[in-house]
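The values are calculated or read from the model by the stated rules, or taken from the named source; none is laboratory data. Here the structure is a predicted model, which means the values were calculated and not measured. A quick note on method: Cβ atoms are made from the backbone with ideal geometry, for glycine too, and the neighbour counts reach across all protein chains shown.
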Amino acid sequence: MTLIELIIAIVIISVGLVGLLAAVTTTVKGSADPMLRKQMLSVAEEMLEEVALKPYAAVANAAPAACARDTYNDIFDYNGYNAAGICDMDGTAIPALAGYSITVAVTGTPLAGVPAAKITVTVSRGGENLQLIGWRTDWAS
């Protein structure tokens, strides 16, 4: 093996390694995105379930402080809920989810003559949004 053949072999191997490292870098750079998406989905599912489990009929209540939801006693209390950062029902901020924001919209939309409400939960982080939509009917009436 001559010196020229050795240099050509080193150049070919180097080009191959650069291409391989570029592919690995791209993969690693986006590897955290699925985790953020799963966190957004988990927060949205929790809020959608919380709203859907409340009674349908509107009942008078006291206004909550900041992002607390402990005084909400029917699904329509959640309409317009908007919080930068995720809080538990008592209004205690969850520090690990500080970069997220959540909004809730509840609109009365009858379904085939049955009173119903469309619940839209939107969770955002940075430029990414995740939206879940659920329905709650007034099955008791």
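Somewhere in the range 57-72, is a residue over 17 Å from the mean Cα position of the chain (by Cα) and in contact (Cβ under 8 Å) with a residue 40 or more places away in the chain? Yes, some residue in the range 57-72 is over 17 Å from the mean Cα position of the chain (by Cα) and in contact (Cβ under 8 Å) with a residue 40 or more places away in the chain.
Of all the listed residues (ALA44, ALA93, ALA116), the sole one being surrounded by 13 or more Cβ atoms within 10 Å (Cβ to Cβ) and in contact with a Leu (Cβ under 6 Å, 6 or more places away or on another chain) is ALA44.
Scan ALA68, ALA105 and give me the residue that is part of a loop (DSSP other than H, G, I, E, B), assigned by TED's automatic domain parsing to the domain that holds GLY127, aliphatic (A, V, I, L, M) and surrounded by 13 or more Cβ atoms within 10 Å (Cβ to Cβ).
The unique qualifying residue is ALA68.
Are any residues in the range 47-63 of a type in the set (Asp, Glu) and surrounded by 15 or more Cβ atoms within 10 Å (Cβ to Cβ), and if so, which ones? The one that is of a type in the set (Asp, Glu) and surrounded by 15 or more Cβ atoms within 10 Å (Cβ to Cβ): GLU50.
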